[in-house]
Amino acid sequence: MKRQSEQGAGSVGRGSWDVVVVGGGLAGLSAALYLGRSPWRALLIDAGESMARWEPIVENYLGFPEGLSGQKLLELGRLQVRKFGVHTVHDRITRVRKDDEAFLLEGAASYRSRRVLLATGLTHLLPDIPGAEVCQGRSVLFCKDCDALRVRGKPIAVYGRRNEAARYALAMLAFSPSVTVVTDGKAPVWDDTWQQALEEHGVPVRGEPVNALLHRDGSLEGILFQDGTRCEVEAMFTTRGDVYHTALAEGLGAEEDEEGQLIVDGDMRTSVPGLYAAGCVTPANCQMIIAAGQGATAAQAIDHDLFNECWRSRALPRIGRTGPEIQGAVH
């Protein structure tokens, strides 16, 4: 079976593809895996910025009972994708245009493709506090479902001032006897119902501005406020928000929801014909295993879409005597 290694953008930028997947996180890798096992000529473009790379230990991805790092999970995914002949390239796509027949993608090189899958994900916003970046993924966390069990029994802070912060704090009571909300000098704007619930359950709210996170090699030890006081915590969940990487789809006029996520149907199709999206750039719950499932769903839908197009044009993929041959596909 033909194997592919990662190539420079210039070496694969010339020519055309049946499918281009933009984004090399769990959604993009899963889609590329399915497409690599299909008859279509597929390209995976990866800028190397998946949020998964920050996870020191992933324990809720099925099939790895001992857990593994997010970086290791990405590396295994890349190996598996290349095993099935998917071309991969390190590049950052800055613009996508569409003509009557294909999408034109521009980065360090230019690419042409019949279908495009955007798996560009999101970026969790860190608090603008000294020490937060060093602690990211280790003790400054973003996801209760992913990491609450990891810090069970430890004193926890929840950073934020909106309804989500109050909800997170109350949910964390199931994992920690000591939960504190930190609003960092800003007045809370959560609803009265949440305020009442915080008071009823004895969750303190610290409103002082934060000066720094105190840590040892990324392991949080406390929060230092500007007035010199401290809050002893060993983990902090931040609810500051997310930035969805939708600019490429916006340039094509794809519809978004109120949160800024790409609207997709059950087959991960966007409102732009031929353009698909999967993973955390959509309204899905941003979990690695869900992103991988969406990538597989999108790849299957693209496979069916291309088959139907070839069927209508009397150019079905067929295998020849010397190997696979795709009649009618873009080359």
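Every number in this text was worked out from the coordinates using simple rules, so none of it is lab data. Bear in mind that the values here come from a model prediction, so they are computed numbers and not experimental data. Cβ: placed from backbone, ideal geometry, glycine included. Neighbour counts: every protein chain shown.
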Task: Distance in nm between pseudo-label sites at residue 123 and residue 83 (7 Å out along the Cβ direction from Cα) - done: 3.4
Task: Rounded if a/c under 1.5, otherwise prolate or oblate - the range 126-238, Cα gyration tensor axes - done: oblate
TODO: Sort by residue number and report every cysteine in the chain with no other cysteine beta carbon within a distance under 4.7 Å.
DONE: 135, 231, 310
TODO: Using a Gaussian network model of the chain whose springs link C-alpha atoms within less than 10 Å, name the residue from 37, 312, 82 with the highest mean-square fluctuation.
DONE: 312
- [ ] Can you work out the PRE-style zone for residue 195? Point 7 Å along Cα to Cβ, and I want the residues of the range 158-181 with backbone N under 17 Å.
- [x] 160-167, 181
- [ ] Once you've got the GNM for the chain with C-alpha springs shorter than 10 Å, pick whichever of 259, 232, 59 has the biggest mean-square fluctuation.
- [x] 259
Open item on the list: Taking Cα extents along the principal axes in Å straight from the coordinates, which label in (i) 87, 42, 39; (ii) 55, 48, 36; (iii) 74, 37, 33 is the correct one?
Closed with: (iii)
Task: Gap separating the Cα centres of the range 70-94 and the range 289-305, nearest whole Å - done: 16
Open item on the list: Under a crude label model (7 Å from the Cα following the beta-carbon direction), how far is residue 69 from residue 300 in nanometres?
Closed with: 3.3
TODO: Run down the aspartates and glutamates and flag those whose C-alpha is under 13 Å from the C-alpha of residue 83, throwing out any fewer than 8 positions away in its chain.
DONE: 6, 75
- [ ] Taking a cut-off of 20 Å between Cα atoms, list the lysines near residue 154, but don't count ones fewer than 8 places away on the same chain.
- [x] 144
